[in-house]
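Participant: Below is a structure I'd like to ask you about.
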Amino acid sequence: MELLKQRIMENGRCFEGGILKVDSFINHQMDPDLMKIIGKEFAELYRDSGVNKILTIEASGIAPAIMAGAYMHLPVVFAKKKQPKTMERMLATTIHSFTKDRDYTVCISADYLTPDDRVLIIDDFMAYGNAALGLIDLVEQGGASIAGFGFIIEKSFQGGGDMLRSRGYRVESLAEVLSLDNCSITLK
């Protein structure tokens, strides 16, 4: 996706430790026009995959998931980082955040993830794959199946995408970062 790559190169910022900051247009301040294009791209990539639900994790995955859901006319459910008092029949798992360097529990109601669901998982970043593994765990707990993953940006040098592919999952990334060495962004 050339527009996304252009925005990453123009507006992305790199920090030590393999961190790419795109908060001016993806995950803090969002560009709705870009999100619409991203949602449409995911919808087209997974058009014939039998998906009937989109799953993401709060907060940065919600916008691209909603846009894809709008194009595909599908419900979007997101794993919550705090359990609401009103949630019944909870599925839960623990995920380690690379960016925040801490573990947290995420949950989803079993009412919204069932054996009848074929799920497309969408998120903003693929790094080491920790969030993806947590979402896989939730999908398995709910008895659903996974059609594939859609990531806005994959940091391929951190290996998460390759790990998912080696497990047989379909992974579609709209932009791939090959390196952030010396705080310089190198895209595929």
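The values are calculated or read from the model by the stated rules, or taken from the named source; none is laboratory data. All of these numbers come straight from a predicted model, not from anything done at the bench. Glycine also receives a Cβ, built like all others from the backbone with ideal geometry; neighbour counts cover every protein chain displayed. Heavy atoms of the whole protein, side chains included, go into the accessibility calculation; ligands, DNA and RNA do not. Shrake-Rupley method; radii C 1.70, N 1.55, O 1.52, S 1.80 Å.
Participant: Would you mind finding the one in S145, S156 that is hydroxyl-bearing (S, T, Y) and under 23 Å from D48 (Cα atoms)?
Facilitator: After ruling out the rest, the residue left standing is S145.
Participant: Moving on to the next point. Among the residues of region 42-72, write down those that are crowded, with 21+ Cβ neighbours inside 10 Å, within 15 Å of the chain's Cα centre (by Cα) and in a helix (DSSP H, G or I).
Facilitator: If the condition is that a residue be crowded, with 21+ Cβ neighbours inside 10 Å, within 15 Å of the chain's Cα centre (by Cα) and in a helix (DSSP H, G or I), then F42, A43, A63, P64, A65, M67, A68, G69 are the ones that fit.
Participant: Taking region 144-161 as the region of interest, how many residues are open to solvent by 40 Å² or more (accessible area, probe 1.4 Å) and touching a Ser or Thr at 6+ places or on another chain (Cβ under 7 Å)?
Facilitator: Pass one, region 144-161, residues open to solvent by 40 Å² or more (accessible area, probe 1.4 Å): 145, 157.
Then drop every residue that is not touching a Ser or Thr at 6+ places or on another chain (Cβ under 7 Å), which leaves 157.
So the count comes out to 1.
Participant: Next question. Report whether or not D123 is of a type in the set (D, E, K, R) and either over 22 Å from F25 (Cα atoms) or open to solvent by 40 Å² or more (accessible area, probe 1.4 Å) (or both).
Facilitator: In short, no.
Participant: Here's a follow-up. Looking only at region 8-41, filter to residues that are farther than 13 Å from T186 by Cα, part of a helix (DSSP H, G or I) and open to solvent by 40 Å² or more (accessible area, probe 1.4 Å); which one of those is modelled with the lowest pLDDT?
Facilitator: Among those residues, the one meeting the criterion is N11.
Participant: If you don't mind, another one. Based on this model, can you work out whether K80 counts as out of contact with any Lys or Arg (no Cβ under 8 Å at 6 or more places or on another chain) and open to solvent by 50 Å² or more (accessible area, probe 1.4 Å)? First the steps, then the outcome.
Facilitator: Values: out of contact with any Lys or Arg (no Cβ under 8 Å at 6 or more places or on another chain): yes; open to solvent by 50 Å² or more (accessible area, probe 1.4 Å): yes.
In short, yes.
Participant: Yes or no: I38 over 24 Å from T93 (Cα atoms) and under 14 Å from the mean Cα position of the chain (by Cα)?
Facilitator: When the stated conditions are applied, I38 passes them.
Participant: Does region 145-160 hold any residues that are without any contact (Cβ under 8 Å) to a residue 60 or more places away in the chain and in contact with a helix residue (DSSP H, G or I) (Cβ under 9 Å, 6 or more places away or on another chain), and which are they?
Facilitator: Selection gives S145, I146, F149, F151, E154, S156, G160.
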